[in-house]
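Presented below is the structure to which this report refers.
The values are calculated or read from the model by the stated rules, or taken from the named source; none is laboratory data. Predicted, not measured: the structure shown is a model, and the values here were computed from it. Positions of Cβ are backbone-derived with ideal geometry, glycine not excepted, and every protein chain shown enters the neighbour counts. Calculation scope for accessible area: heavy atoms of the full protein, side chains included, ligands and nucleic acids excluded. Shrake-Rupley method; radii C 1.70, N 1.55, O 1.52, S 1.80 Å.
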Amino acid sequence: MGLIVMGKGDFTMTDTSARKTEMKTAMGKGGTSALMAGVAGFGLGMMVSAGRKAAAQAATFAAGDWFEGLKAEHQVARGLLEKLAATREEDMAKRAALVFELQHAMGKHQVQEEYVVYCVVAAHGQADVAESLNADHFEVKQGLYELEMIGKEKRPGFLEKVAAIRTAFESHVREEEDEVFPALQVMLTDAEKTALTNRMNREGFKVA
């Protein structure tokens with residue numbers, strides 16, 4: 001049996017295992033760092049998102065009451081529609097930005113009403129009224145979609161569509177603010193009003 005001579009560049013199996021262990025340890029440390037960085041980034045993103053949502057829901061929440069909160073949101077939508085009505089054909093970028101802002105504001109508003117308020121309206125014996133108000137929402141959604149397409153495709157009729165949406169929206173709001181919601185307020189106890197307000201804000205925060 002011959003003698004194996006080991007030089008400086010050679011290494012034993014024990015050396016190999018040790019080096020593998022060192023590499024795994026180093027990789028483990030790097031992986032842990034990367035994971036921690038990812039978690040930190042995700043956490044920061046969640047904080048930013050939560051802050052943005054809180055800001056979007058702030059005015060509604062500050063109203064302190066579900067009815068007052070919805071009225072404040074109606075005013076926001078009115079303001080955006082007024083700005084759209086004041087645009088010109090060459091204001092394409094401005095129109096696109098305003099339509100997007102209005103879609104977001106109306107989307108959040110409609111979720112609050114459809115998922116919470118209209119359900120309470122129906123639960124208090126006015127299911128037909130709730131169904132009619134839901135149908136109004138679809139009309140406005142359809143109008144906003146058509147408005148977006150008119151703007152993108154540079155077709156005529158943008159301001160006419162804005163006017164139609166404003167008319168439908170105002171009719172819907174007048175029914176809510178003058179008839180349906182005041183009647184519901186009378187039916188609710190203070191505890192029910194608080195519960196409705198809290199749940200409505202929670203739903204709004206989800207989609208803000």
- Looking only at the stretch 55-77, and only at residues there that are open to solvent by less than 40 Å² (accessible area, probe 1.4 Å) and among the charged types (D, E, K, R), the one that is nearest to residue 102 (Cα to Cα): 73
- Do we find a residue being at pLDDT below 95 and within 28 Å of residue 159 (Cβ to Cβ) anywhere in the stretch 51-58? yes
- Note on the structure: Exactly one of 168, 164 is open to solvent by 50 Å² or more (accessible area, probe 1.4 Å) and touching a helix residue (DSSP H, G or I) at 6+ places or on another chain (Cβ under 9 Å), and that residue is 164
- All positions within the stretch 57-70 that are part of a helix (DSSP H, G or I) and either over 19 Å from the mean Cα position of the chain (by Cα) or closer than 16 Å to residue 120 by Cβ (or both): 66, 67, 68, 69, 70
- Query: Taking only pairs six or more apart or across chains, which ones have beta-carbon atoms under 6 Å, a first residue in the stretch 114-140 that is over 15 Å from residue 165 (Cα atoms), and a second residue that is open to solvent by 50 Å² or more (accessible area, probe 1.4 Å) and not β-branched (Val, Ile, Thr)?
  - Reply: 116/199; 124/187
- Item | Matching entry among 152, 206 (being farther than 30 Å from residue 51 by Cβ, surrounded by fewer than 14 Cβ atoms within 10 Å (Cβ to Cβ) and touching a residue at least 24 places away in the same chain (Cβ under 8 Å)) | 152
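Quick check on this structure: which one of 138, 181, 158 is farther than 17 Å from residue 71 by Cα and surrounded by 14 or more Cβ atoms within 10 Å (Cβ to Cβ)? Quick ask: steps written out before the conclusion?
Working: 138 fails: surrounded by 14 or more Cβ atoms within 10 Å (Cβ to Cβ); 181 fails: farther than 17 Å from residue 71 by Cα.
Being farther than 17 Å from residue 71 by Cα and surrounded by 14 or more Cβ atoms within 10 Å (Cβ to Cβ) holds for just one of 138, 181, 158, which is 158.
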